[in-house]
Amino acid sequence: METQLDLTEKCVFCDLSLSQSSTWIDPEVLVVKDRYPVSEGHRLVIPKAHVASLLELTPNSVGRLFNVAVEVGRSLVDDGADGFNLGVNEGVAAGQSVMHLHIHVIPRRFGDVSDPVGGVRGVIPSKRRY
């Protein structure tokens, strides 16, 4: 994965990378607090290279990105979360609204919803319970 930022188009995540607002030190990956958190501690794991899709990354880069996401999840659990969800909105049909790849790491706590069964399956509510 290229570590230089592609600034040919305005991108809020590329701007974040330039502003040094990262909470994580990695040469290829930026971790920031979500500006509209689902729960306290919600983080975004973002490749510094401007790519829109997981499909644009090499297997090694995908591994690096997810390794950072898991470490962020581990730090959230160490700080008191009971678990976490990882989420990627891959493409407009999946809800992607910022066309720079990012992984949501959303801390979960017992009692934050009445019934957490199904987790990320809830993106299609009728398919959540199985």
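Residue-level check: of (1) in a helix (DSSP H, G or I); (2) among the polar types (S, T, N, Q); (3) surrounded by fewer than 14 Cβ atoms within 10 Å (Cβ to Cβ), S114 misses just (1). Taking the listed residues S39, S61, the one that is more than 25 Å from C11 (Cβ to Cβ), hydroxyl-bearing (S, T, Y) and in contact with a strand residue (DSSP E or B) (Cβ under 8 Å, 6 or more places away or on another chain) is S39, with no other qualifying.
Residues in the stretch 39-60 that are part of a loop (DSSP other than H, G, I, E, B) and modelled with pLDDT of 95 or more: S39, E40, G41, H42, V51, A52, S53, L57, T58.
So for the stretch 61-79 (the condition being surrounded by fewer than 15 Cβ atoms within 10 Å (Cβ to Cβ), in a loop (DSSP other than H, G, I, E, B) and at pLDDT 95 or above), does at least one residue qualify? Looking for residues that are surrounded by fewer than 15 Cβ atoms within 10 Å (Cβ to Cβ), in a loop (DSSP other than H, G, I, E, B) and at pLDDT 95 or above, one finds at least one in the stretch 61-79, hence yes. Within the stretch 26-36, the set of residues being closer than 15 Å to A69 by Cβ, part of a loop (DSSP other than H, G, I, E, B) and free of Cβ contacts under 8 Å to residues at least 24 places away in the same chain is empty.
When the stretch 82-111 is filtered for residues that are assigned to a loop (DSSP other than H, G, I, E, B) and among the polar types (S, T, N, Q), the ones remaining, listed by number, are N89, Q96, S97. The one condition from (1) touching a Gly at 6+ places or on another chain (Cβ under 6 Å); (2) farther than 21 Å from D26 by Cβ that M99 does not meet is (1).
Quick check: is even one residue across the stretch 40-57 of a type in the set (V, I, T) and under 12 Å from the mean Cα position of the chain (by Cα)? Looking through the stretch 40-57, at least one residue is of a type in the set (V, I, T) and under 12 Å from the mean Cα position of the chain (by Cα). One residue stands out among those in the stretch 79-130 that are acidic (D, E) and within 19 Å of the chain's Cα centre (by Cα): the one that is farthest from L44 (Cα to Cα), which is D82.
Pairs linking a residue in the stretch 37-58 that is touching a residue at least 40 places away in the same chain (Cβ under 8 Å) to a residue that is surrounded by fewer than 18 Cβ atoms within 10 Å (Cβ to Cβ) and of a type in the set (S, T, Y), with Cβ atoms under 7 Å and 6 or more positions apart or on different chains, are K48/T3; A49/T3.
I'm checking my understanding of the structure. Among residues of the stretch 85-111 that are of a type in the set (A, V, I, L, M) and within 16 Å of V38 (Cα to Cα), which one is surrounded by the most Cβ atoms within 10 Å (Cβ to Cβ)? Spell out the reasoning first.
Here is the first cut: in the stretch 85-111, the ones of a type in the set (A, V, I, L, M) are 86, 88, 92-94, 98-99, 101, 103, 105-106.
Okay, now just the ones that are also within 16 Å of V38 (Cα to Cα), so 86, 88, 103, 105-106.
Details: L86: 16, V88: 19, I103: 23, V105: 26, I106: 21.
Among residues in the stretch 85-111 that are of a type in the set (A, V, I, L, M) and within 16 Å of V38 (Cα to Cα), the one surrounded by the most Cβ atoms within 10 Å (Cβ to Cβ) is V105.
The values are calculated or read from the model by the stated rules, or taken from the named source; none is laboratory data. Remember, it's a predicted structure, so these values are computed and weren't measured experimentally. Please note: Cβ atoms are built from the backbone with ideal geometry, for glycine as well, and neighbour counts cover all protein chains shown.
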